[in-house]
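*Asks:* Pasting in a structure now, in structure tokens, and then I'll have a few things to ask.
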Amino acid sequence: MLKNSHTLVICSRGRSHSLSNVISSILDCQESENVHVLVVLNGHSPSELNTLIGQYKDLEGQILVIESKPGLAAARNVALANISGDIVTFLDDDVLLPNNYLTEVDSAFSFDEKLDGLSPRIAGLYARTNLGSKWSYNRRIKFGRLTRNGDNFWVPDIYSAANTSVDWLPGCSMSFRISSLKDMKFSEELMLGPTGGYSLGEDVDFSFRLSKLISLNSLSIQHVQAESVRDNNHVMSKARGRWKAYLVRKYPGQVKGISCTISLIFSIGYFGLRRFINKDQYLNPLAESKMQLTSFIQELLNPTLVSKSSE
């Protein structure tokens with residue numbers, strides 16, 4: 001039996017099928033009787049909303065469906081105003097949980113009363129790259145840390161079972177002790193576009209403000225990463241530049257503008273050289289690196305990028 005009461009928050013926009021899958025994986029978990037699910041829809045059509053509400057009508061006491069304005073950060077802030085219990089877990093709508101998910105999370109918080117938050121490992125993370133797959137990378141990259149040049153890489157699932165102390169948590173699955181959050185909010189300044197477009201890094205920014213965080217390496221989830229704006233390289237490059245500028249302005253003691261600039265210029269030089277050698281093979285990475293640098297400089301000069309609402 002779970003020692004803590006849990007609220008699981010799923011924010012979703014237009015992905016009803018994957019949303020149903022993650023809810024099913026929650027209901028299949030062991031010891032789910034002391035758990036409530038809060039679904040926050042931001043951008044679903046009225047018909048999709050009514051369908052979802054009807055689909056879980058029999059679980060009315062356990063699953064609550066509400067709406068918010070567009071934007072993931074905005075949806076998560078609406079959720080924060082509606083949570084209760086001891087532990088809140090934010091999940092993406094395209095993850096799948098193992099049946100021991102709740103018991104492992106609950107045990108970790110019960111074991112360490114000073115623990116503010118945790119995230120599990122993500123199965124197959126960096127599987128399409130050599131990041132984390134070689135010991136040389138493991139030594140150079142500070143997994144779970146926020147570096148001086150604004151980089152942040154989550155702990156790969158090839159690591160040992162020992163829990164890892166980290167600076168931040170990934171938004172696809174992050175759990176917090178509710179008493180630690182107080183009046184914290186997710187930064188809506190990171191959303192791109194007037195209609196609440198894609199935002200990058202609000203999860204890192206939110207969790208970085210807490211004291212004790214771990215990667216719960218005994219637990220692993222699947223992150224399907226359904227088709228989304230992440231597949232738009234132009235939008236993502238702009239978001240990454242904006243994100244690094246935000247970090248420099250908000251956490252100048254942690255992230256350095258000169259380090260970010262050098263890192264971005266190095267990427268342009270690297271991909272420029274690779275394109276020269278391999279002709280058009282590296283055309284897109286070169287363009288994306290230039291977009292990141294341009295966005296970084298523009299946003300660094302934006303005095304409204306960090307507001308009091310994101311403190």
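The values are calculated or read from the model by the stated rules, or taken from the named source; none is laboratory data. Given the structure is predicted, the values throughout are model-derived calculations rather than measurements. Virtual Cβ from ideal backbone geometry, glycine too; neighbours counted across all protein chains shown.
*Asks:* Tell me, which residue of region 21-30 that is surrounded by 15 or more Cβ atoms within 10 Å (Cβ to Cβ) and not hydrophobic (A, V, I, L, M, F, W, C) is nearest to Thr51 (Cα to Cα)?
*Replies:* Asn21
*Asks:* Which residue, of Gly85, Gly117, Gly132, is at pLDDT below 95 and either outside the structural domain of Ser211 (by TED's automatic domain parsing) or more than 30 Å from Leu264 (Cα to Cα) (or both)?
*Replies:* None of the others qualify; the one that does is Gly85.
*Asks:* Within region 1-17, count every residue that is among the hydroxyl-bearing types (Ser, Thr, Tyr) and crowded, with 19+ Cβ neighbours inside 10 Å.
*Replies:* Count: 2.
*Asks:* Within region 164-211, restricting attention to residues that are in a strand (DSSP E or B) and aliphatic (A, V, I, L, M), which residue is modelled with the lowest pLDDT?
*Replies:* By that ranking, first place goes to Met191.
*Asks:* Can you name the residue in region 286-311 that is outside any helix (DSSP H, G or I) and either of a type in the set (A, V, I, L, M, F, W, C) or buried (at least 17 other Cβ atoms within 10 Å of the Cβ) (or both) and, of all such residues, is modelled with the highest pLDDT?
*Replies:* Here the answer is Leu301.
*Asks:* Restricting to region 48-71, count the residues that are modelled with pLDDT of 70 or more, hydroxyl-bearing (Ser, Thr, Tyr) and in contact with a strand residue (DSSP E or B) (Cβ under 7 Å, 6 or more places away or on another chain).
*Replies:* 1
*Asks:* Here's something else I'd like to know. Got at least one residue in region 221-229 being modelled with pLDDT under 75, closer than 30 Å to Leu97 by Cα and part of a helix (DSSP H, G or I)?
*Replies:* Taking every residue of region 221-229 in turn, at least one turns out to be modelled with pLDDT under 75, closer than 30 Å to Leu97 by Cα and part of a helix (DSSP H, G or I).
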